[in-house]
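Coordinate-derived values only; no laboratory data. Please read all numbers here as calculations on a predicted model, not as lab measurements. Here the Cβ positions follow ideal geometry from the backbone for every residue, glycine too, while neighbour counts run over all protein chains shown.
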Amino acid sequence: MSNITLNVQGMTCGHCVNSVEGAVQNLGAAAKVDLPNGSVTIDYDETKVSLEAIKEAIEDQGYDVV
Ligand code: 9UX
């Protein structure tokens, strides 16, 4: 398992949290958004899903991974 914290721009409300966490969870990874901090902590199995796919899923929701 791998763990990483990404900085994600554009998350400002609870619906954003649900969108981002849901998109990552759909890939079989665990995500926890820290809204005040503008970050997302992700636990994932790198043999099952790539970090690149996780970043794309977040960006597809309309947020910028920086
Ligand atoms: Mo809330 Mo987030 O109205 O993009 S869903 S700001």
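What GluC sites (Glu not before Pro) does the chain have in DSSP loop regions with at most 12 other beta carbons within 10 Å?
Listed in order of number, the matching sites are Glu46.
For the chain, take the longest principal axis of its alpha carbons; what is the angle in degrees between that and the long axis of helix 51-60, to the nearest 10 within 0 to 90?
The helix 51-60 is inclined about 30 degrees to the chain.
Taking Cα atoms, how many degrees apart are the long axis of helix 14-25 and the longest axis of the chain, rounded to 10 and kept between 0 and 90?
With rounding to tens, the tilt is 10 degrees.
Magnitude of the Cβ-charge dipole of the chain, K/R +1 and D/E -1, about the Cα centre, nearest 20 debye?
140 debye
Rounded to whole Å and sorted largest first, list the principal axis extents of the Cα atoms in the chain.
32, 19, 19
Going by how many other beta carbons lie within 10 Å of each one, how would you line up Val8, Val24, fewest first?
With the sparsest Cβ surroundings first, the list reads Val8, Val24.
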